[in-house]
Amino acid sequence: MKGASGGNRAFAVSAKTLAVISVYAALIVAAQFVLSFAAGVELVSLMIIVFSVAFGPFKGVVCTLVFVLIRGFVFPYVYPNIVADYALYFPALSLVTGLYGILLNRAYAEKRVAAGLENEESGVKRALSRRFVLIFAGLCLLAAALTPCFTLIDNLVYPKIAGLGAKSAKAYFYSSLPTLAVHTASVTLSVIFLFLPAYRALVALKRNMGI
């Protein structure tokens, strides 16, 4: 698996990577449990985004699915709409941000190389640093744009499962808006302030473990 050819390397998962995925997925469940008392406030999205960017979209989706499975054992999915929310939204979040992360990873690598340039090449350093900041800003906007989709999926699935009429479905939608606003703000702020240190830590972990 580790000796996979270039075309399959993005889909190769070594034993070390599987171990990291398992531990990280368990940490996501623990983070969710710690913040379960606050409606809309969570670190799950941040942790999935960080892992998907650092390890790539394929490994990110694998980690997300492992999280969904572990979460189902720890906190059983009592309502079918929750299964749909988690099984549809989080893997999609992982895939989209992981694909966008290809740009961010490239910009981060260029920024690291630029850090070693001599002073006379400081213009190049500034340009590469600005490029990284712009790409990171795009990731923050992407996280803010995708977060409401979690609630929207629930608003589509739950009324059908519960057999709600149009009036009740509309009331259910409006009742979800305050949590949606808090959720979007929570994810956006956590990505803005916590993504970079967490991302650097995972990149360093990959380097140290030779993954």
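Since every read-out is calculated from the coordinates, none of them should be taken as a lab result. A quick note: this is a predicted structure, and the numbers were derived from the prediction, not measured. With ideal geometry, Cβ positions are generated from the backbone for all residues, glycine too; neighbour counts draw on all protein chains shown.
Got a sec? Which of F51, F58 is under 11 Å from the mean Cα position of the chain (by Cα), touching a residue at least 24 places away in the same chain (Cβ under 8 Å) and over 21 Å from T151 (Cβ atoms)?
Values: F58 fails: under 11 Å from the mean Cα position of the chain (by Cα).
Result: F51 is the single residue among F51, F58 that is under 11 Å from the mean Cα position of the chain (by Cα), touching a residue at least 24 places away in the same chain (Cβ under 8 Å) and over 21 Å from T151 (Cβ atoms).
Here A127 fulfils each of the conditions (1) surrounded by 15 or more Cβ atoms within 10 Å (Cβ to Cβ); (2) farther than 24 Å from I153 by Cα apart from (1). Using the structure shown, decide if V74 is in contact (Cβ under 8 Å) with a residue 40 or more places away in the chain, exposed (fewer than 13 other Cβ atoms within 10 Å of the Cβ) and more than 16 Å from the chain's Cα centre (by Cα). So V74 passes the test.
Is it the case that Y100 is over 17 Å from M47 (Cα atoms) and buried (at least 16 other Cβ atoms within 10 Å of the Cβ)? Spell out how you get there, then give the answer.
Numbers: over 17 Å from M47 (Cα atoms): no; buried (at least 16 other Cβ atoms within 10 Å of the Cβ): yes.
When the stated conditions are applied, Y100 does not pass them.
Listed here are the residues, each with its yes/no results for (1) at positive phi; (2) in contact with a helix residue (DSSP H, G or I) (Cβ under 7 Å, 6 or more places away or on another chain).
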| site | (1), (2) |
| --- | --- |
| V133 | no, no |
| A137 | no, no |
| C149 | no, yes |
| G163 | yes, no |
| L180 | no, yes |
| A185 | no, no |
| I192 | no, yes |
| L202 | no, yes |
| N208 | no, no |
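A search for C-beta distances below 6 Å between a residue of the stretch 197-211 that is under 15 Å from K16 (Cβ atoms) and any residue that is surrounded by 13 or more Cβ atoms within 10 Å (Cβ to Cβ) and of a type in the set (K, R), counting only pairs 6+ apart in sequence or on different chains, returns M209/K16; I211/K16. On the basis of being surrounded by 15 or more Cβ atoms within 10 Å (Cβ to Cβ), of a type in the set (G, A, S) and more than 13 Å from the chain's Cα centre (by Cα), does A144 make the cut? No, not satisfied.
Would you confirm whether or not the stretch 82-90 contains a residue that is farther than 26 Å from T179 by Cα and without any contact (Cβ under 8 Å) to a residue 60 or more places away in the chain? Taking every residue of the stretch 82-90 in turn, none turns out to be farther than 26 Å from T179 by Cα and without any contact (Cβ under 8 Å) to a residue 60 or more places away in the chain. Taken residue by residue, the stretch 76-93 has at least one member that is charged (D, E, K, R) and either in a helix (DSSP H, G or I) or under 18 Å from V157 (Cβ atoms) (or both). Pairs meeting the criteria (first residue in the stretch 165-190 and within 12 Å of T151 (Cβ to Cβ), second residue among the β-branched types (V, I, T) and surrounded by fewer than 17 Cβ atoms within 10 Å (Cβ to Cβ), beta carbons under 8 Å, at least 6 apart or on different chains) are V182/V41; H183/V41.
Being free of Cβ contacts under 8 Å to residues at least 60 places away in the same chain and surrounded by fewer than 22 Cβ atoms within 10 Å (Cβ to Cβ) is a property that does not hold for V41.
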